[in-house]
Every structure is written in structure tokens, then in C-alpha cells.
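Please read the structure below before turning to the comments.
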Amino acid sequence: MATTTMSHQAIGSIVSHRPFKASQFLKEPLNVPMKSKRFKIEATASQISVVDNTFLSPSKNRPQESKKNSNEAALILIRHGESLWNEKNLFTGCVDVPLTQKGVGEAIEAGKKISNIPVDLIFTSSLIRAQMTAMLAMTQHRRKKVPIILHNESVKAKTWSHVFSEETRKQSIPVIAAWQLNERMYGELQGLNKKETAERYGTQQVHEWRRSYEIPPPKGESLEMCAERAVAYFEDNIKPELASGNNVMIAAHGNSLRSIIMYLDDLTSQEVTTLDLSTGVPLLYIFKEGKFMKRGSPVGPTEAGVYAYTKRLAQYREKLDAASQATLD
Amino acid sequence: MATATSHQSVVSFASLRSSPSSTISQCGFKIDSSLSFTSKKTNFCKIKAITSSVSYDNTLLSPSKTIPDNSQKKSNEAALILIRHGESLWNEKNLFTGCVDVPLTEKGVEEAIEAGKRISNIPVDVIFTSSLIRAQMTAMLAMIQHRRKKVPIILHDESEQAKTWSQVFSDETKNQSIPVIPAWQLNERMYGELQGLNKQETAERYGKEQVHEWRRSYDIPPPKGESLEMCAERAVAYFQDNIEPKLAAGKNVMIAAHGNSLRSIIMYLDKLTCQEVISLELSTGIPLLYIFKEGKFMKRGSPVGPTEAGVYAYTKRLAQYRQKLEEDSEVICA
């Protein structure tokens, strides 16, 4: 995969609709008929929040499995479930609304499905519904490593949240909250009722905002703009971790995840606008030798199905089973 | 209760008792002559309010805007609910947690939901939490059970962008929202170099007595950490500056936080001595109710769950609130 072009421009303001130029090519240009728009995402300087390296120094102790085959890593994507505004049919965007009871249930269910897949690092958005989804899902994880949310918002926050035992750090899964993984910002529609909005602006206009690739709602983001900052963040911060052999879970939102999938699967803008991610159903990718291989949805532990997506994951599962046998004996 | 704000961070209290026993000596004794002591014999811990930063979107809570009837009519009375979060993943592993941001276990999740059931009939207009996920999750899970059906919304002011991006553009929706304000000042006591250490390992490293002293004294901090006194200082200051004014304005408040930050606040509400506060244990997941009226805090114990027998109407106003909820749900059923 081509390297990320870094620029020193701050991420574009979302207040005005700026025309996006598909000028920088990150990937090798493909022979694509002109009718389908293939949008190349330009990586803008995204805030690289420094992952506390003491948690994850590649040279330090890491679970044996991922060390042996450090050219392979699992990537799990989970879209959070129902929020209180979904229930009320309000446009949510970046308003920080929590999960409903149903959303909580979806998170736990998702957790059961990934309980056998190794997780070394978790990325979430800065919104509680994604963070809760991640934390609830991890209560189901078999490994029993403890997720710890990293705080980098100030020197004090960093100091105060410091862990003083190396052994404990090794048993931890760093959780990094990033606004770049937030839901698409819906501008002046945030908090509006979907029906009321259709009445105010007209059904067609609203449909265009919701389903087009590049047209943002007033003072909001287009899917394109959302994709820009989400994919840039992924390339700058998440992909390198996968490349080092760390297994990653991302708990985020419909639009930020679609954007990432557009990048992983090389989708066109047309394809991405019709892509619908189920809530609470984890998607698994295997990153190997620089490529992302789609592996569908892991099944729950009690469901019949192929769960060993790769030899390494099969061995991991075996190890977990052996460990729980040992405790039962 | 007037708040004395000063730029000094001083906690002073008169710990002179008539009893000759020297057990009180553990209380730090810093005298600030500008504070008036009511009597040498009374043991009041007077916490000086430190300037704390207050930033949240006032449009969500303008007193002049539409507020549920009950709190507008009798703005001299407000409910204050305190909830201590339940079991975290490090409690389970017996590690010192402090300000490390560790999430809840399944049990902790259930405790939060249970707590929510107990407060489902008590009005909540604004929620304060710490900046740690276990308290925030506790608040959100508890509110899922709330009967009022207003939607908690976490306010973001960590940057201009965060503020702009989280804006709500409908007045009607804002009126149906309960602002949630995270504050580091409500965090658990910072445990310094003990954070992440196993309790046994720590006893081996430093000696049992030393560890006991750090855990149970009022003013002795663990290395690079906070003493309970220091924790109380910033928690109570925050309470006085940001939470008490809300109560005074008739807003019903819920605080979801931690053992030490809540004890500190209770020390202030109940006027406990430092001796009393170090032996105060708060149950996890059991909400505590106070009524704030005419400048005073009246302790009202633990609200019972909706299916349990017990006195649930702590004041006439709360009884009316409950009645209204019952009527509303009947209308829906009818």
C-alpha cells in the first residue's frame, strides 16, 4: 500500500462546504471507467495521539501467537447498537447520546461473537455509545486482559492515569478514544426529528444529504469529509499497529466505519453510499502482507460455523480452550 | 451556605475535642485565620473552595427555558442523588485502581442497572460524573431505567471543535435532554505509585502498616498520589462551585462517581469529622438521596426499588412527581 502523504494543513473546517479534489493518489491508479467515481482519500495531518508505548512495545512481551506470525493481525470492526435518539428518530451525528437497553444488549452479543479473537488494542470514537459498546463487548472476552482507556487530553490526565506495574501493563489492552472515528457530523440537522426535517427542507434535499457522497448538510460533514478524517486516522494510527502484528478492534459508527471499509475493500463512492453496516454485528478482517482480507462475521461460540479464519486464530482459540480446561481440572 | 473562594488550597478544620485521646492526630491541622470556627469543640471540616474551571453549554439548562413543572414551582427544593459505581475489572483482580481508567465488570454493569431502578422515580435534571468510564457507564446504564424518558447527553468542551460538533439544533430536543457533565474533580482519589499494583505485592514492598496508613489515614498520601484530604479538597470545591448552585436553582442533580470523591462530598453534606469520614463506607451501586432545601442538605437514605415496599415519597414534591409519572404511564396504557 502506498505511503501516507502527510500535510501540515489542519483538517479542513467543516463549517463550509469545500469542494474536494481527488488530487492525491494514495493507491495505484486503477483502470476505472470514468462513470464510477473512485475517490482517493487524501491523508491530512491527523493528530497522532501517542499510544503509550510502554503498553505495546513490539519488543516487549506480547502474546506468543502474534509474535510468531507478526505479519498477520486481526482487525475487528463493530458498529454500536441502538441509541436513545435512534429510538426517538432524531438525527444524532456527533451529539453524545448513550445506548438504549437494546443497544447494551447488542454490544454484549457482539462481545460474545468476538470472544475468541485476540485483541491487543482498541480504538473508539470520543462518543460514549461507541466506548460503552467496546467496554461491554470486552466483558465477554475470554482472554481476560483488561481494557484501559488512555488519557492524553492534558499532562495531568496522563500523569494521573499512569499504571505503575509493568506486569499489570502487560495484562492491559490500551483503549484509544479518537474524535476522528466519530460519527459523521450532521450540522444543523443534529437533534432534529427526521419528519420535521423533511418538512422544513423537503424530502428530496434531506435524502440527498443523507445518501450522497459529497453533499454536506448545513454546517455539517459530507460522507466524503467524514471519510477523509476517518481514513487518515486509520492509516496514520491503526494500520501501523496491524503491521506490527497487533490485533485491533475498532468500535465506532455507521459512517466512520463505512469510510474505513471503503478503504479496506477499495470501494467506489457509489458502492459506499449503498453500504449498510449491521449494528452490533462484528466484522472481521485479516491484515496480512499489507493486504486486508475480508472474513465476514464471526459466529458466536455456541453457533455452528467456521470460526478459525486462519491457522493462527485457530491456534489462539485452542490455547484459550486449553487454558479454561486447566482451570476446570 | 456561602462559598468562600480563595486562591489558597487549604483545608482547615477544628479537630480539638474535649476527649484526651489522640486518635484525632491523624487529621492535618492547617489553620487559616480567615475562616471562622463556630466553636472549638465542634468538629467541622471546612473546605475552602478552590477556583475550579466551569465550562458547559448553558443553553441546555437556561433557567428561563421550559423546565418540568415540579422544579419550577418549588425552586427551593431539589433532589441530590449520589451513586458510587460498582465492580470494576481491577477490583476483581485486587489491584489498586485510583485514576486508571478501568471499565466495569458484568457485575458492575448489573449494579448500575439496579441502582437505576431505585432512582427511576426521582427527578433528574442534570448529571455530573467523573472523567472515568466506570462512573460514566454507571450513570448511563442507570438512566436507561429512568421513567421520565428524557435523554442524557454528554457535554463536550475539551476543544472548540468538540463543542461545535456536539451541538443540538432543536430547542424541543434540548428541553428533553439531561446534560451530563464529566469532571476530573470527581475522579477517584489518585493513588500515585500504587496504581496498578496488586494489594498483596504492595504490602510486601512497603510493609503492611505503611499501606494501611496510606489507605486509611486522612492526610497521608501514597508516593506521588493524593491523600483523602487532597481528594476532598478538589471534589468539594467542585461541588460547591458547580453543583450546589444548580441545586439552589431548583435543579435535581445526580452524581455518579467514586468511593473517595463521594465520601468527600458526604463529609461536606453531613458535616463529618475527618475521623468519621475515614471510617465511612459507601456501598457500591446503592444510590443515596439528599434533599436540598433552604440551603440545607437533608439525608434521606437509600431509595427503594419500585417493587419494594417502603417509603418512597421523601417529600411532598417527590410524591407529586411520582404521581405524575404514574398518570403519564396510565395515559399511554389506556
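What to note about this one:
- Checklist (1) surrounded by 21 or more Cβ atoms within 10 Å (Cβ to Cβ); (2) more than 19 Å from the chain's Cα centre (by Cα); (3) assigned to a loop (DSSP other than H, G, I, E, B) applied to residue A:151, failing item: (2)
- Near pairs, Cβ below 7 angstrom, 6+ apart or cross-chain, from the stretch B:175-202 (within 17 Å of residue B:256 (Cα to Cα) and within 10 Å of chain A (Cβ to nearest Cβ)) to any residue that is part of a strand (DSSP E or B) and not β-branched (Val, Ile, Thr): B:180/B:152
- Some residue of the stretch A:165-172 being at pLDDT 95 or above and within 19 Å of the chain's Cα centre (by Cα): no
- Inside the stretch A:160-182, residues that are in contact with a strand residue (DSSP E or B) (Cβ under 9 Å, 6 or more places away or on another chain) and more than 10 Å from chain B (Cβ to nearest Cβ) make up a count of 5.
- Scope the stretch B:269-298; condition surrounded by 22 or more Cβ atoms within 10 Å (Cβ to Cβ) and within 18 Å of residue B:227 (Cβ to Cβ); matching residues: B:274
- Residue in the stretch A:113-126 that is in contact (Cβ under 8 Å) with a residue 12 or more places away in the chain and either assigned to a helix (DSSP H, G or I) or touching a Cys at 6+ places or on another chain (Cβ under 7 Å) (or both) present: yes
- Filter result for residue B:287 (modelled with pLDDT of 90 or more and touching a Gly at 6+ places or on another chain (Cβ under 8 Å)): no
- Just one of the listed residues (B:255, B:220) is under 11 Å from the mean Cα position of the chain (by Cα), of a type in the set (A, V, I, L, M) and modelled with pLDDT of 90 or more, and it is B:255.
- Some residue of the stretch B:209-228 being among the aliphatic types (A, V, I, L, M) and out of contact with any Ser or Thr (no Cβ under 9 Å at 6 or more places or on another chain): no
- Residues (buried (at least 22 other Cβ atoms within 10 Å of the Cβ) and not small (Gly, Ala, Ser)) located in the stretch B:110-120: B:111, B:118, B:119
- Every test in (1) within 9 Å of chain A (Cβ to nearest Cβ); (2) at pLDDT 95 or above; (3) more than 20 Å from residue A:137 (Cβ to Cβ) is passed by residue B:172 save one, and that test is (2).
- Listed by position, the helices (runs of 4 or more DSSP H) contained in the stretch A:160-276 that have at least 1 residues being touching a Phe, Trp or Tyr at 6+ places or on another chain (Cβ under 9 Å) and of a type in the set (A, V, I, L, M) are A:223-233, A:239-243, A:254-265, A:269-273.
- Residue match in the stretch B:199-209 (condition: under 27 Å from residue B:286 (Cβ atoms) and buried (at least 18 other Cβ atoms within 10 Å of the Cβ)): no
- Residues of the stretch A:100-135 satisfying the condition of being away from every other protein chain (no Cβ under 13 Å) and under 22 Å from residue A:244 (Cα atoms): A:114, A:116, A:117, A:118, A:119, A:120, A:121, A:123
- Odd one out for residue A:144 among (1) in contact with a helix residue (DSSP H, G or I) (Cβ under 8 Å, 6 or more places away or on another chain); (2) in a loop (DSSP other than H, G, I, E, B); (3) more than 7 Å from chain B (Cβ to nearest Cβ): (1)
- Checked against the criterion of being surrounded by fewer than 19 Cβ atoms within 10 Å (Cβ to Cβ) and over 30 Å from residue B:191 (Cα atoms), the stretch A:166-189 has at least one qualifying residue.
Yes/no per residue for (1) touching a residue at least 40 places away in the same chain (Cβ under 8 Å); (2) within 29 Å of residue B:107 (Cβ to Cβ); (3) among the β-branched types (Val, Ile, Thr):
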{"position": "B:270", "(1), (2), (3)": "no, yes, no"}
{"position": "B:273", "(1), (2), (3)": "yes, no, yes"}
{"position": "B:278", "(1), (2), (3)": "yes, yes, yes"}
{"position": "B:292", "(1), (2), (3)": "yes, no, no"}
{"position": "B:297", "(1), (2), (3)": "yes, no, no"}
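- Total residues in the stretch B:88-114, condition assigned to a loop (DSSP other than H, G, I, E, B), within 7 Å of chain A (Cβ to nearest Cβ) and among the hydrophobic types (A, V, I, L, M, F, W, C): 3
- Sole exception among (1) farther than 23 Å from residue B:86 by Cβ; (2) in contact with a helix residue (DSSP H, G or I) (Cβ under 7 Å, 6 or more places away or on another chain) for residue B:183, by number: (1)
- Figure legend. Inter-residue proximity from the stretch B:139-156: first residues surrounded by fewer than 22 Cβ atoms within 10 Å (Cβ to Cβ), second residues of a type in the set (Lys, Arg) and modelled with pLDDT of 90 or more, beta-carbon distance below 7 Å, spacing 6+ or different chains. Indicated pairs: B:145/B:117.
Here is a yes/no grid of residues against (1) at the interface with another protein chain (Cβ under 9 Å from one of its Cβ atoms); (2) assigned to a helix (DSSP H, G or I):
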| site | (1), (2) |
| --- | --- |
| B:140 | yes, yes |
| B:146 | no, no |
| B:153 | yes, no |
| B:214 | no, yes |
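- Considering residues of the stretch B:223-236 that are more than 13 Å from the chain's Cα centre (by Cα) and of a type in the set (D, E, K, R) only, the residue nearest to residue B:269 (Cα to Cα): B:233
- Scanning the stretch B:121-134 finds no residues that are within 11 Å of another protein chain (Cβ to nearest Cβ) and surrounded by fewer than 20 Cβ atoms within 10 Å (Cβ to Cβ).
The values are calculated or read from the model by the stated rules, or taken from the named source; none is laboratory data. Computed from a predicted model, the values in this text were never measured in an experiment. For neighbour counting, all protein chains shown are included, and Cβ atoms are generated from backbone atoms with ideal geometry for every residue, glycine included.
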